[in-house]
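Take a look at the structure set out below.
The values are calculated or read from the model by the stated rules, or taken from the named source; none is laboratory data. Since the structure is predicted, the reported quantities are computational estimates derived from the model, not experimental observations. Positions of Cβ are backbone-derived with ideal geometry, glycine not excepted, and every protein chain shown enters the neighbour counts. Areas reflect the complete protein model, heavy atoms only, side chains present, ligands, DNA and RNA absent. Shrake-Rupley method; radii C 1.70, N 1.55, O 1.52, S 1.80 Å.
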Amino acid sequence: MSEPSPRKLHVAIITSGGAGMFCGACMHDNTWTRAMMLQGAEATLIPTYTPIRVDEENMTGSPVFLGGINVYLNYRSSLWRKLPRFMKHWLNTPWIINLATKFGVSNDAHELGALTVTLLEGDQGAEGREIEELAQFLGSQLKPDVICLSNALLSGTIKKIKEHYQGPLFCILQGDDVFLEELGEPYRSRSLELIRSNVQQVDGVLVHSDYYRAFMADYLDVPVEHFHKVLLGINLEGHDGTPADGADEPFTIGFFARICKEKGLHNVVKAFEIFHQAHPDSRLAVGGFLGKESEAYFHETTKHLPALNESYKYWGSPATREEKIAFYKSLSVLSVPTDYHEPKGLFVLEALANGVPVVQPAHGAFPELIEQTAGGLLVPPGDPQALADAWERLYQDEEYRLQLARQGYERVRQFYSAELMATESLSFFQKWVDAAVLRQNTPQLTPDP
């Protein structure tokens, strides 16, 4: 008689919608969920605030909790907080939330300070009933083996979740500090105080790089032993660019990230002005989501580029995965010279997956990515001349550029696939689940009187 198959591990990931924009954390969480399911696990992706927007199959499998409209109205009105649930629940409908984001619901940190604080206060703040609903869903209905919060800004839910759920609970950090640093005072300090207290209650904090592990341990004043590095991966399906693509085309430098100051578009523009003077046949391609809060920055940064005619093209935010891949395939090299110390860098992996080498600043997670993939060059941060010089090297030495491209193309597939990410994270989670079961089944010894 054959032994019964072991029960599938069930992982619940609680993510935050990006108010209508493509969000790197949402896209990571969506890919992660899908990859774990393909590895035979059960995985549930739970959206909060707004529906997520991704360029592959959307894996969210539950209603939107902590719906952005209700969260805002709860914060603004004590009367609204007291209304019966049936009178408010319809506002969590995804299409209604999406419609609201088109009429100016902001994700600008400067405008969200007080609201952030009340969310982090958990059941002591204005969102207690919303948080209770999420906690009851997790503990009484979904009953996963593992729960992972997608960012520290969700940490106000931890206390209530632990009242309804006894399994391992983690929080993964994917750039929380950049949002917190943009909050005005006193909201920044109060938010940090609350997060530092909240994350003490989880079983572990997950990160994707050694850099971010050390940085966030210090930033949150949490012992580094409480942090665990987990693999970053991307879904390689459809990334069909090759290192030879574009070899005979004009040398094209690409920037692909959310358009905002911390991502460093101004550094690319300054470097391209230097490079283009020496090589008038070169081109600059810019892509990424542009929010209303960054429109003035974008227009000021790029105001002289339209005069270059066909040498400059703004692709906007590609609406589909195929359009995004076409953008990468049009490039000779990708550079996203961030001022912010990036904790992961998905755009680096996506470029390399399509045979495009990268030139990145030597800070954040980039040195780790370049060392592992051997797919690019590092330059001093905030130095447009150094950036232009690195492009010059790749422009003059086509074989070296292709060597970097081939190395990156192969090693992304070797070390950064979604399949490997899922396998390693499931193994990590299973150890915690097994340990929890062992503790529950081990009698507690009491000393002899």
C-alpha center-to-center spacing [the range 391-406, the range 318-358] in angstrom: 17
Highest-fluctuation residue, 405, 351, 214 considered, GNM on the chain with Cα pairs under 10 Å: 214
Cα-based reach from residue 162 at 19 Å (exclusive), listing aspartates and glutamates while leaving out same-chain residues under 8 positions away: 121, 123, 127, 130, 132, 133, 145, 203, 434
Most fluctuating residue given options 78, 294, 282, as computed from a GNM of the chain linking Cα atoms under 10 Å: 78
Relative contact order of the chain, defined on C-alpha pairs under 8 angstrom at six or more residues apart (%): 14
The range 1-80-the range 198-225 distance, computed between alpha-carbon centres (Å): 22
Among (i) 21.6, 74; (ii) 23.3, 83; (iii) 23.0, 88, the entry derived from the coordinates for Rg and Dmax of the Cα atoms in Å: (iii)
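Computing the accessible area with a 1.4 Å probe over protein heavy atoms, can you report the carbon and sulfur percentage for the chain? Walk me through the numbers before you get to the answer.
Details: 10560 of 19760 Å².
Carbon-and-sulfur percentage of accessible area, whole number: 53.
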Among 258, 76, 190: highest mean-square fluctuation, GNM of the chain, C-alpha pairs under 10 Å: 76
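Could you sort out which of 160/324; 261/431; 261/344; 229/313 sit more than 29 Å apart by Cα distance in this structure? Can you show the working numbers first?
Values: 160/324 40 Å; 261/431 41 Å; 261/344 18 Å; 229/313 38 Å.
Pairs exceeding the cut-off: 160/324; 261/431; 229/313.
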Free-standing Cys residues across the chain, given no other cysteine C-beta under 4.7 angstrom: 148, 171, 260
Theoretical ellipticity at 222 nm over the chain - DSSP helices of four or more residues, -39500 (n - 2.57) apiece, nearest 500: -13000 deg cm²/dmol
Cα-based reach from residue 292 at 17 Å (exclusive), listing aspartates and glutamates while leaving out same-chain residues under 8 positions away: 108, 111, 182, 262, 300
